[in-house]
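To start, the structure under review is shown below, and the notes come after it.
The values are calculated or read from the model by the stated rules, or taken from the named source; none is laboratory data. Note that the structure is predicted; figures quoted are calculated from it, not measured. Cβ: placed from backbone, ideal geometry, glycine included. Neighbour counts: every protein chain shown.
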Amino acid sequence: MTCVIAEDETLLRDALVALLAEEWPALRIVAACDDGGTALDAIATLRPDVAFLDIRMPGLTGLEVAAGALEASPATQVVFVTAYDQYAIDAFDNGAVDYLLKPIARERLQATLQRLQVRAGKAQAGDGALAGLLQQLSRALPAAAKSPPLVWLTASSGKDTRLIMVEDIAYFQSDTKYTAVMTADGEALLRKPIRELLDVLDPAIFKQIHRSTIVNMKMVAAVTRDEVGRGVLRLKTRPETLAVSQPFMALFRNM
């Protein structure tokens, strides 16, 4: 069996990898990710048997990754890793998925692994139980305590340094060294990776739609889906369209 791990804290991620190696040596970890977008991309590409998802991650939360995985890899068994106790555990008790509390106890992990192996190859809760659980957890989990979202930033445009209001940005797109900041007035370059931007942008407004793209939802004019499930966004202030990776389309289900 194969496994994807998503945990943004390096020490906790390494500890889980080590525990799994000891308790389930035959389990092959095919990706260990430090943010939700990378995790969803890995699940869609690799279609693992199991995914261990931290609930709180930059960009996409574990709940959002699980929602995308329902379409992208419906046979993947989900185990949430959470620091939150009883109010979340009550929701998990319907059996749609399993959970581990941080710090992860070896005995609890052993019980989880036994359930995963028993369920392996059987039909998973694709009947709406997991989708219902995700909605329940979204309401139950408290909002993360974060600093106020970014309001403005500075980016390079030729020899100039521009001050750009975040509300005017249509989308961000990264390449190997820079992140392009796209507005109605043109393009500027930012020396900050996508993952760091996800930590400081307002998650209610800015959504990751691809491993390398974050879009301002207020700038989206329309979204369409092709025959294989990929999406295309049309923007209000820019002429180009933006591709939405198939697993991220689950985030646009209500549009």
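Could you list, in sequence order, the residues of the stretch 10-57 that are free of Cβ contacts under 8 Å to residues at least 24 places away in the same chain and either among the charged types (D, E, K, R) or in contact with a Pro (Cβ under 8 Å, 6 or more places away or on another chain) (or both)?
If the condition is that a residue be free of Cβ contacts under 8 Å to residues at least 24 places away in the same chain and either among the charged types (D, E, K, R) or in contact with a Pro (Cβ under 8 Å, 6 or more places away or on another chain) (or both), then ARG13, ASP14, GLU22 are the ones that fit.
Taking into account only those residues within the stretch 123-143 that are farther than 18 Å from LEU60 by Cα and at pLDDT below 65, which is surrounded by the most Cβ atoms within 10 Å (Cβ to Cβ)?
ALA125
What single numbered condition from (1) surrounded by fewer than 16 Cβ atoms within 10 Å (Cβ to Cβ); (2) touching a helix residue (DSSP H, G or I) at 6+ places or on another chain (Cβ under 7 Å) fails to hold for LEU11?
Status for LEU11: all satisfied but (2).
Taking the stretch 179-207 only, how many residues are of a type in the set (D, E, K, R) and under 22 Å from the mean Cα position of the chain (by Cα)?
Residues that pass the stated criteria total 6.
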